[in-house]
Structures are given as C-alpha cells and as structure tokens.
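Below: one structure, written as structure tokens.
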Amino acid sequence: MTDRDDYAALRAALLDQPVSMPPALLPNSASNGTVLLEDLVEAEAVSVHESPLAVESVSGDLLMLSAKDVRLDRPPSRWGTADAPGAVTMRAGDVAVVIGVGAAVRVCVADGVLLGPGIHLVRGNPDTFDPRFLACVLRSAVDAADGFSFDLFQVEVPRIPLAEQRRYGAAFEQLTELESSWRRRRASIEQLVRVGIGVLAGGMLRPGPAE
C-alpha cells in the first residue's frame with residue numbers, strides 16, 4: 001500500500017471512530033463521611049498486597065502484569081513464577097495501583113495472573129465494595145498526588161452503600177472509556193497528520209475542494 005492509499009484509509013478509519021460520551025454528574029448534598037483505607041484493612045474489608053522482585057522470571061510459567069502494563073492499559077506482557085516467596089496471584093475485581101511517576105489505576109478482569117513488582121494490589125470484599133468504585137477513589141488519590149508518591153493507607157474512602165457504589169463505578173467506567181477512546185483517537189490523528197504532511201510535501205496528493 002502506498003502512502004497515498006495509507007492516507008485515504010487512515011482518514012476513513014478516523015471518521016468512523018466512535019467517540020465515548022461523558023456521564024451526566026449531578027450535585028450531591030449528601031455526606032456519608034469517609035473511612036481511611038488502613039481502617040478498612042484492619043477491619044478485613046480490604047486487603048493490600050505487593051509482590052517481591054523475585055516473582056519476575058524469563059522462564060516463568062505464568063503471565064505477569066507489570067507496572068508498565070498498568071500504565072499502558074494493556075494485557076499482561078511478562079512472565080513470572082508463583083513459586084517465589086510472597087508471590088501474589090490476582091483475581092478478577094482486584095484493583096492494581098501504580099504510584100509515583102507514571103501513576104495509574106486499573107481494575108483486573110481475569111483470574112490467575114501474577115502481580116508484578118512495583119504494583120499495589122487492593123482487594124475489596126465483594127459483599128462490601130464495588131471494584132470500580134474503589135478504583136475511582138484510588139484514581140482520584142493518584143491524580144491528586146500528581147506524580148508524587150503518597151501513603152495508600154491514608155486514602156479516604158467514602159462510606160457509600162454497595163448499590164450506590166455500583167452507580168459510581170459505572171460513571172467511573174464511562175469516564176475511563178472516554179479517556180481511552182480519546183487516546184486512541186489522538187494516536188490515529190497523529191498518524192494521519194504525519195502521513196498527510198508527507199504526501200502533500202511529496203506531491204503524491206493535492207488539496208481537495210473545501211468541505
């Protein structure tokens with residue numbers, strides 16, 4: 001395929017890309033108070049886990065989620081061994097948190113993947129917490145830290161009933177899908193612009209009539 005054909009295909013694909021819409025959010029006068037994450041851990045409503053560096057292994061037999069995978073919102077890309085002392089195997093609904101530079105939060109969707117080093121895993125009791133709600137609270141803390149490290153255990157979690165948490169979690173999912181769709185769109189735009197400038201400068205294509 002020539003650059004000329006590339007441009008036509010990229011333009012058509014960009015125009016066909018759906019754009020997610022943000023959720024409607026309303027004023028909230030209710031105040032249910034908050035509880036520190038460390039208190040939830042003490043009450044065994046939430047647990048926090050980390051894996052040792054030894055879990056990573058090029059000859060490992062289990063897929064492992066790395067900190068970079070969390071940042072890039074991509075599937076597990078490395079391998080590890082569950083035999084390493086302290087190794088953690090993730091469950092669907094766990095929340096992976098990367099703190100500091102390149103901080104990110106992600107809800108895990110599959111069982112049996114190893115947790116890589118450099119990730120905090122927050123596991124809520126499913127009878128008490130909606131994982132997307134927990135992820136929303138933790139993402140807010142990550143965003144507020146603005147790339148700096150912070151004490152995860154001092155994060156304040158709103159006291160909200162589980163049914164209401166699910167509504168918060170659904171809105172959070174809409175917002176993160178909006179973020180992901182615009183990232184995909186931005187990547188498509190950057191590629192389109194690069195190819196478009198090349199074919200214009202090389203004389204392979206000329207401007208069409210104004211639309």
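Sub-9 Å Cβ pairs linking a first residue in the stretch 16-35 that is closer than 16 Å to VAL137 by Cα to a second residue that is of a type in the set (A, V, I, L, M, F, W, C) and assigned to a loop (DSSP other than H, G, I, E, B), at least 6 apart or interchain, are ASN32/ILE160; VAL35/ALA43; VAL35/ALA45, ordered by first then second residue.
Contact map, the stretch 180-192: residues that are closer than 17 Å to TYR7 by Cα and open to solvent by less than 90 Å² (accessible area, probe 1.4 Å) paired with residues that are among the hydroxyl-bearing types (Ser, Thr, Tyr) and modelled with pLDDT under 90, Cβ distance under 8 Å, separation 6+ or inter-chain. Pairs shown: LEU192/TYR7.
Within the stretch 157-197, track down each residue that is part of a helix (DSSP H, G or I) and over 26 Å from VAL19 (Cα atoms).
Within the stretch 157-197, the first condition is being part of a helix (DSSP H, G or I), and the residues that meet it are 162-197.
Within the stretch 157-197, LEU162, ALA163, GLU164 qualify.
Take the residues of the stretch 1-48 that are under 29 Å from GLN174 (Cβ atoms) and of a type in the set (Ser, Thr, Tyr): which is surrounded by the fewest Cβ atoms within 10 Å (Cβ to Cβ)? Only one residue tops the list, namely SER29.
Kindly establish whether PHE153 is aromatic (Phe, Trp, Tyr), in a helix (DSSP H, G or I) and over 19 Å from SER31 (Cα atoms). Against the criterion (aromatic (Phe, Trp, Tyr), in a helix (DSSP H, G or I) and over 19 Å from SER31 (Cα atoms)), PHE153 qualifies. Here is the figure for the stretch 93-147: residues that are part of a loop (DSSP other than H, G, I, E, B), buried (at least 20 other Cβ atoms within 10 Å of the Cβ) and of a type in the set (Val, Ile, Thr) total 3.
Taking the stretch 4-84 as the region of interest, the strands (runs of 3 or more DSSP E) fully inside it that hold 1 or more residues being polar (S, T, N, Q) are 34-36, 46-49. Return a yes/no flag: does the stretch 198-207 have any residue that is in a loop (DSSP other than H, G, I, E, B) and small (Gly, Ala, Ser). Checked the stretch 198-207: at least one residue is in a loop (DSSP other than H, G, I, E, B) and small (Gly, Ala, Ser).
Within the stretch 49-88, the set of residues being more than 20 Å from VAL105 (Cα to Cα), open to solvent by 40 Å² or more (accessible area, probe 1.4 Å) and not aliphatic (A, V, I, L, M) comprises GLU56, SER59, ASP61, TRP79, ASP83, PRO85, GLY86.
Apart from one condition, ARG91 fits all of (1) under 17 Å from the mean Cα position of the chain (by Cα); (2) farther than 16 Å from SER180 by Cβ; (3) among the basic types (Lys, Arg); (4) modelled with pLDDT under 95; the exception is (4).
The values are calculated or read from the model by the stated rules, or taken from the named source; none is laboratory data. A quick note: this is a predicted structure, and the numbers were derived from the prediction, not measured. All Cβ positions, even for glycine, are placed from backbone atoms using ideal geometry, and neighbour counts span all protein chains on display. When the accessible area is computed, the model is the full protein with side chains, heavy atoms only, and any ligands, DNA or RNA have been set aside. Shrake-Rupley method; radii C 1.70, N 1.55, O 1.52, S 1.80 Å.
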